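J.: Please read through the structure below; I'll follow up with questions.
The values are calculated or read from the model by the stated rules, or taken from the named source; none is laboratory data. Everything numeric in this text was worked out from a predicted model, so none of it was measured. Here Cβ is always computed from backbone atoms with ideal geometry, including for glycine, and neighbour counts include all displayed protein chains. With ligands, DNA and RNA removed, areas are computed over all heavy atoms of the protein, side chains included. Shrake-Rupley method; radii C 1.70, N 1.55, O 1.52, S 1.80 Å.
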Amino acid sequence: MKKEDISIVILAAGKGSRMKSPTPKVLHSISGKPMLYHIIKASLEISDDISVVVAHQKEKVIEEMSAYFENIHFVVQDEENFPGTGGAMMGVVPKNEKVLVLNGDMPLITSASLQGFLDTSSDVIMSIFDLKDPSGYGRVIIENEAVQYIVEQKDANETELKTTTVNAGIYAFSKSVIEKYTPLLSNDNAQEEYYLTDLIAMAKNDGLSISPLLVNEENFKGVNSKKDLSDSEEIMQTRIKTKWMNAGVIMQLPQTIYIEESVAFEGECKLENGVRLTGETLINNSHIKAHSVIEDSVVKNSDVGPLAHLRPASYIEDTHIGNFVEVKKSSLKGVKAGHLSYIGDAQVDEGTNIGAGTITCNYDGVKKYKTIIGKNVFIGSDSQLIAPITIKDDVMIAAGTTVTSGVVESGNLVLSRTKLRLVKDFYYKFFAKKQ
Ligand code: UD1
Ligand code: CA
């Protein structure tokens, strides 16, 4: 089936009260992106006509999604008068013949897993799976090998509750089925909501063909609670890490590593246990050691950590970053920063050594300032560089120096120390007096 024959409707208007959160359910994030983002991304691989139904905190949902996608239609549900998944469909006008309806709380959907819904031989295709514990899901009642109806848990009788075949929440309708039956839905049920699932019985009673499609639970897992959110996160993480290991990334104890979907790798990279990589991070031919955190940064031909923190907009190339080093919005090329440093709003050039305990003092309480350090600079341990400051090539800064001068010219030794005093036998006298 071609993209122009398919429309997709994503239901994202619900409150999601079971999440117990001020954030709308579909904006809770999985691997760094809102759940709804993952669904729209998969949908765009098979259709150009995507409608997202919104209501609860609609401005926020529309604003966040518009930052990622253009050409998505937002349809506002009249949730007060027409609550429920059926109510959500009432304002939707699909363009194409085949209409896929997806719940907005299924972040693990893939375009491959939607292929089964593109068959054109029946009027309705609905997703089902079998669960040992079906609680929370609508039960699918099948008799004589044909789907009869779907009953929601809250409306089900004892026999219906025992059914382990459940509605996964994805449907493919022909456009005419939606147009004909959606206006006929009623809210005569336990929740006084308009249920999309009632379309199934209506279509069946009119003799239309309904095909159940057995789907894999993993791809169609709904997120209703924070426990579901963490279960789905785990599945998404396994997918992301498997993809990158197949592409050549070495991972030690991958179950302890977290990688967001926007992170990329090039060449051969090695990640030790406990590494966390987020945002638009790119790692190229580098070794990231245990428990390092890298956010929105680029690391090329370098080694980082253990226990290092690269904050957004850091660019690290041919560089050694050791333990307890924090870098923010800085570029380091051919640099060694082995221990215990803060490097913020800085630019550091080749051959420079940053001694243990060096701090760029980039903030005066009001504004942030830059630190520029040239080539082959030797910065002794426990130095403070008060920004704005430029240290030119071939400079030596003595340990313990606070560098306040705005520009240090090449060739200088910079040293600020009070004269060392030795007071003979002071220790013995001081403590003897106290005893
Ligand atoms: C729904 C199905 C249930 C199925 C389950 C699968 C109905 C009535 N029930 O139940 O049979 O087993 O999904 O996961 O459809 N939404 C709106 N507007 C609303 C209410 C909900 O857009 O007024 C959206 C929600 O944002 C959500 C989706 O529809 O993305 C599903 O709603 P939810 O409340 O999670 O339905 P379930 O109770 O899970
Ligand atoms: Ca749900």
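J.: Being within 16 Å of ligand 2 (Cβ to nearest atom) and open to solvent by 40 Å² or more (accessible area, probe 1.4 Å) narrows it down to one of 58, 41, 20, so name that one.
T.: Result of the check over 58, 41, 20: 20.
J.: Moving on. Any residue that is within 16 Å of ligand 2 (Cβ to nearest atom) and farther than 24 Å from residue 227 by Cα - is there at least one of those in region 105-122?
T.: There is no residue in region 105-122 that is within 16 Å of ligand 2 (Cβ to nearest atom) and farther than 24 Å from residue 227 by Cα.
J.: Still on this structure, I have one more. Answer with yes or no whether residue 49 is modelled with pLDDT under 95, more than 13 Å from ligand 1 (Cβ to nearest atom), assigned by TED's automatic domain parsing to the domain that holds residue 154 and not β-branched (Val, Ile, Thr).
T.: no
Here's the yes/no breakdown for (1) open to solvent by 20 Å² or more (accessible area, probe 1.4 Å); (2) under 32 Å from the mean Cα position of the chain (by Cα); (3) farther than 16 Å from residue 412 by Cα:
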{"residue": "337", "(1), (2), (3)": "no, yes, yes"}
{"residue": "345", "(1), (2), (3)": "no, yes, yes"}
{"residue": "352", "(1), (2), (3)": "no, no, no"}
{"residue": "393", "(1), (2), (3)": "yes, no, no"}
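Residues checked against (1) outside the structural domain of residue 344 (by TED's automatic domain parsing); (2) open to solvent by less than 40 Å² (accessible area, probe 1.4 Å):
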| residue | (1), (2) |
| --- | --- |
| 371 | no, yes |
| 375 | no, no |
| 402 | no, no |
| 408 | no, yes |
| 432 | yes, no |
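J.: Which numbered condition in (1) part of a loop (DSSP other than H, G, I, E, B); (2) open to solvent by less than 50 Å² (accessible area, probe 1.4 Å); (3) within 16 Å of ligand 1 (Cβ to nearest atom) is the only one that residue 274 fails?
T.: If we test residue 274 against (1) part of a loop (DSSP other than H, G, I, E, B); (2) open to solvent by less than 50 Å² (accessible area, probe 1.4 Å); (3) within 16 Å of ligand 1 (Cβ to nearest atom), just (3) comes out false.
J.: Further question on the same structure: Which one of these is among the small types (Gly, Ala, Ser), open to solvent by less than 60 Å² (accessible area, probe 1.4 Å) and under 20 Å from residue 190 (Cβ atoms): 87, 104, 91?
T.: It is 87.
J.: Same structure, new question: State all residues of region 211-228 that are touching a strand residue (DSSP E or B) at 6+ places or on another chain (Cβ under 7 Å) and under 21 Å from residue 18 (Cα atoms); if no residue qualifies, say none.
T.: The answer is 217, 220, 222.
J.: While we're on this one: Name the residue that is farthest from ligand 2 (Cβ to nearest atom), counting only residues in region 130-145 that are more than 14 Å from residue 222 (Cβ to Cβ) and open to solvent by less than 30 Å² (accessible area, probe 1.4 Å).
T.: Ranking the qualifying residues of region 130-145, first place goes to 141.
J.: Considering only residues that are part of a helix (DSSP H, G or I) and more than 29 Å from residue 135 (Cα to Cα), which ones fall in region 241-271?
T.: 241, 242, 243, 244, 245, 246, 254, 256
J.: Can residue 186 be described as open to solvent by 10 Å² or more (accessible area, probe 1.4 Å), under 22 Å from residue 10 (Cα atoms), among the small types (Gly, Ala, Ser) and in a loop (DSSP other than H, G, I, E, B)?
T.: Answer is yes for this residue.
J.: Take residue 36 and decide whether it is open to solvent by 10 Å² or more (accessible area, probe 1.4 Å), modelled with pLDDT of 95 or more and under 22 Å from residue 280 (Cβ atoms).
T.: Answer is no for this residue.
J.: Taking region 219-238, which residues are closer than 22 Å to residue 12 by Cβ, touching a residue at least 60 places away in the same chain (Cβ under 8 Å) and either assigned to a helix (DSSP H, G or I) or more than 14 Å from ligand 2 (Cβ to nearest atom) (or both)?
T.: Those that are closer than 22 Å to residue 12 by Cβ, touching a residue at least 60 places away in the same chain (Cβ under 8 Å) and either assigned to a helix (DSSP H, G or I) or more than 14 Å from ligand 2 (Cβ to nearest atom) (or both): 219, 226, 229, 232, 233, 235, 236.
J.: So which of 51, 43 is closer than 20 Å to residue 75 by Cα and either in a strand (DSSP E or B) or free of Cβ contacts under 8 Å to residues at least 60 places away in the same chain (or both)?
T.: Just a single option satisfies the conditions, and that option is 51.
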